[in-house]
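Working notes, structure below.
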Amino acid sequence: MKKTLLEFTDSGIYCPKADVYLDPWRPVSKALISHAHADHSRWGHQHYISHKFSTPIIKHRLGSVDIASKKWGERFSIQGVQFSFHPAGHIVGSSQIKVEHKGETWVFSGDYKTYDDGFTTPFEPQKCDVFITECTFGIPAFKWPSQELVFDQIQRWWRENAALGITSVLFGYSLGKAQRLSFHLREEVGPILLHPVIHAHNEVVGSVKSLPSHQKLDKNIDPKKLKTALILAPPNAQDASWLKKWLPYRTAAASGWMATRGARRRRGYDTGFVLSDHADFYELTQAVQATEAQHVICTHGYTDIYSRFLNSKGIYATTADTPFEDEPATTEEETA
């Protein structure tokens, strides 16, 4: 059976039968959005459709856009083609988009991870004919340690810094990673202070998913009185001038890239913690196998290497070029 339900175009992943796009990267009339990260949810479309948890986050980022909300598993028809959103486990509201027509089923995964992080809605594999998968970490070198171990490491690092009168500054992406950190970290030795961009994201995400209340970092705070604090900040605040008033401080990053040799040194962090909102190599493979797909299309990441691996295992795989990123940085002004 020839699989023609979706195609890759200059504007995005297109469904000709429904005349809609999935996570388009150029302005289109109708866009189904897998999640609210900037590389998947772009400004300029006439009409958006997303999961209901993503809707307020997209509006926060893009302003007053025309957007319709759907529930998990809710099937809706566009020109005879059936669509539905299913949990991807990447960030709050992140979805796989299932497309069905005349016995043919495609699933676009967006970004995903398969383990339950205790905060986002866990990934639910969907059986399909064609599976479009990310492969950001699609080589065997990437195998994540347990989340419990990583959070214990972060707490210990913070505690050791506080004992020395050193402020802890932890960098994580403002939408997704920062909410997981805010949710799981415990204020054992001092307060958690949120960079204004993270604080704003926490407020909007908190409207659909409960989050602890942490203090906003602002210019009125006296660093001398809060040396035991943990500051959560986005990565592009690493060289911000406001950090100087918190000296002495130590920096760390929470990212899947901290698993690679030299990544921490190249990016200038004092330490790194391996924590990703994407699937590692082994999770990717488990997800692919669970779909029972006849054809796997690999996008953004180690596409060539991972597709060759799948083909070596008897799973027909090809690649497609997209402008999606591994862990997109925020575009907001990073000041405090």
Worksheet item: Under unit Cβ charges (Lys, Arg +1; Asp, Glu -1), what dipole magnitude, rounded to 20 debye, does the stretch 147-273 have relative to its Cα centre?
Response: 380
Worksheet item: Here are some pairs, Lys71/Lys143; Lys113/Lys225; Lys52/Lys216; which of them have Cα atoms lying more than 30 Å apart in this structure?
Response: Lys71/Lys143; Lys113/Lys225
Practice prompt. Net charge near Gln155: determine it from the other residues with C-beta under 12 Å of the C-beta of Gln155, scoring Lys and Arg +1 and Asp and Glu -1.
Written response: -2
Worksheet item: Near Tyr249, within a Cβ-to-Cβ distance under 14 Å, what is the net charge of the other residues, with Lys and Arg +1 and Asp and Glu -1?
Response: +2
Discussion item. Considering all projection directions equally, how large on average is the shadow of the alpha-carbon convex hull of the stretch 78-197, in square nanometres?
Written reply: 9.9
Fill in: Cα centroid of the stretch 145-221 to Cα centroid of the stretch 4-61, whole Å
31
Worksheet entry | Shape of the stretch 1-77, Cα gyration tensor, a/c cut at 1.5 | oblate
Worksheet, complete the sentence: Projected convex hull area of the stretch 73-116, Cα atoms, direction-averaged, in nm², equals 3.3
Discussion item. With unit charges on the beta carbons (Lys and Arg positive, Asp and Glu negative) and the dipole taken about the Cα centre of the chain, which residue among Gly190, Phe324, Thr121 sits farthest to the positive side?
Written reply: Gly190
Item to complete: Quickly work out the Lys216-to-Asp66 label distance, labels modelled 7 Å from Cα along the C-beta direction, and quote it in nm with one decimal.
Response: 3.3
Worksheet item: Rounded, prolate or oblate: which one fits the stretch 147-273, using the alpha carbon gyration tensor with axes a ≥ b ≥ c (rounded when a/c is under 1.5, else prolate when a/b beats b/c, else oblate)?
Response: rounded
Discussion item. Spelling out what I want: for every residue of the stretch 32-37, take phi, set θ = phi - 60°, compute 6.51 cos²θ - 1.76 cosθ + 1.60 (Karplus), and round to whole Hz; glycine and proline get x.
Written reply: 8, 10, 6, 6, 8, 5
Fill in: Unit charges at the beta carbon, dipole of the stretch 147-273: most positive-side option, Ala253, Leu226, Gln215
Ala253
Worksheet item: Along the positive direction of the dipole of the chain (beta-carbon charges: Lys, Arg +1; Asp, Glu -1; about the Cα centre), which of Trp25, Thr136, Ile154 reaches farthest?
Response: Ile154
Worksheet entry | Kirkwood estimate for the chain, i.e. one over the average of 1/r between Cα atoms, Å | 20.7
Worksheet item: In what sequence, highest mean first, do 72-85, 164-177, 50-63 appear when ranked by Cβ atoms within 10 angstrom?
Response: 164-177, 50-63, 72-85
Worksheet item: Most exposed first by the Cβ proxy, i.e. fewest other Cβ within 10 Å, how do Trp144, Trp43 rank?
Response: Trp43, Trp144
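Any read-out appearing in this document is the output of simple, stated calculations on the displayed coordinates, not a laboratory observation. This is a predicted model, so every value here is computed, not measured. Ideal geometry is used to build each Cβ from the backbone, glycine not excepted, and the neighbour counts take in all protein chains shown.
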